[in-house]
1. For the range 183-223, just the Cα atoms, rotate onto the principal axes and tell me the three extents in Å, largest first.
2. D for the range 219-274, whole µm²/s, Stokes-Einstein with Kirkwood Rh over alpha-carbon pairs at 4 °C and 1.567 mPa s: what number?
3. Place +1 on the Cβ of every Lys and Arg and -1 on the Cβ of every Asp and Glu in the range 49-131, take the dipole about the Cα centre, and give the residue among ASN122, PHE62, LEU73 whose Cα lies farthest towards its positive end.
4. With θ set to phi - 60°, apply the Karplus curve 6.51 cos²θ - 1.76 cosθ + 1.60 along the range 55-66 and write out the HN-Hα couplings as whole Hz, x wherever there is a Gly or Pro.
5. Hey, can you grab everything whose amide H is under 5 Å from the amide H of VAL225? Only 5+ residues off in sequence or another chain; H modelled, so Pro and N-termini drop out.
6. When SER149, SER212 are ordered from fewest to most other Cβ atoms inside 10 Å of their Cβ, what list results?
7. Ignoring trypsin sites (Lys or Arg not before Pro) that are buried or in helix or strand per DSSP, and keeping those with at most 12 other beta carbon atoms within 10 Å, what is the longest stretch of the chain between them?
8. For the chain, what does the helix formula give at 222 nm: sum of -39500 (n - 2.57) over DSSP H segments with n ≥ 4, over the residue count, nearest 500 deg cm²/dmol?
Amino acid sequence: MFDYEKYLRLEMFPHIWCPGCGDGIVMKSLLRAIDRVGLQKDEICMVSGIGCSSRLTGYVDFNTLHTTHGRPLAFATGVKLAKPSLNVIVITGDGDALAIGGNHFIHACRRNIDLTVLLFNNATYGMTGGQLAPTTPTGKVASTARQGSIDPPFDACKLAIAAGATYVARGTSYHSQQLDRLIEGGIKHKGFALIEILENCNTYYGRPNKVSLLELLQWEKDNTVNVKAAERMTPEQLQGKIITGVLHQADRPEYVAMYEEHIARAQAKARAAA
Ligand SMILES: Cc1ncc(C[n+]2csc(CCOP(=O)(O)OP(=O)(O)O)c2C)c(N)n1
């Protein structure tokens, strides 16, 4: 039996998540992944924005920072530059990372700074009552789109790859064992790692769209295909499917290392001039 309590701040419970919410499943997966990597609690700094998913940092017993909406990547960048020895893990929602925080997201990918980002994609703004998110599928109902959204959703993984992230993976809360491995890979990767996690908000997305928690979980199972299986499938078979697994991995200079070299060069120049 895995000892979750070892990593939890039990005095912070009960948590705020609704029964059946995907956030708890993902938190457990994250704790198992950290345990597998073998990190000590004080070797981690976990940084979150604002949202239901971002409340996670209150429940776990690491160095934690609960910041402002859309800004966890800016705070995390500062933490990583000030203390490069820390493993900095960012917890963010799809609204947090892709709407208000969209620019921070692009530029953190571009810098390839050594952060591990868990993007909880529940296709809605959970905390504030189900407003339309950049990830809400076209046609789905939100509290700000009563007749169904006309906006096309965008693909966080494609955006991250295009912007320069060097580890990009997608998992689901249904496939929790696979998720452990994807998060483990992200933590071990030296550079900007994104793990997008498809999960459910059965209260504010499920209810107005008349889908139950079970149907939402079934959707995660039925509509995703692992990248390895996808290689053997035809374009017709892949129609409408979402690819999961490690989608992209690249080797590119990491930002903190480049920054340290930059400082060393400047100091050597100053010494030579003195
Ligand atoms: C500057 C600012 N604007 C708006 C809000 C209100 N607000 C709080 S959480 C949230 C959306 C959260 O959605 P998401 O990031 O998808 O997280 P979830 O709650 O679904 O996990 C918003 C708009 C805020 N706290 N601060």
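Each reported figure results from applying straightforward, stated rules to the coordinates on display, with no laboratory input. Because the structure is a prediction, the values reported are computed rather than measured. A quick note on method: Cβ atoms are made from the backbone with ideal geometry, for glycine too, and the neighbour counts reach across all protein chains shown.
1. Cα spread of the range 183-223 along its principal axes, largest to smallest: 42, 20, 12 Å.
2. Values: Rh = 15.4 Å.
Answer from the Stokes-Einstein relation: 84 µm²/s.
3. LEU73
4. 5, 3, 5, x, 9, 10, 9, 10, 5, 10, 9, 9
5. Sorted by chain and number, the residues that satisfy this are ILE242, ILE243, THR244.
6. Ordered from fewest to most neighbouring Cβ atoms within 10 Å, SER149, SER212 come out as SER212, SER149.
7. For trypsin sites (Lys or Arg not before Pro) (loop position, at most 12 other Cβ atoms within 10 Å), the longest site-free span of the chain is 1-145.
8. It lands at -10500 deg cm²/dmol.
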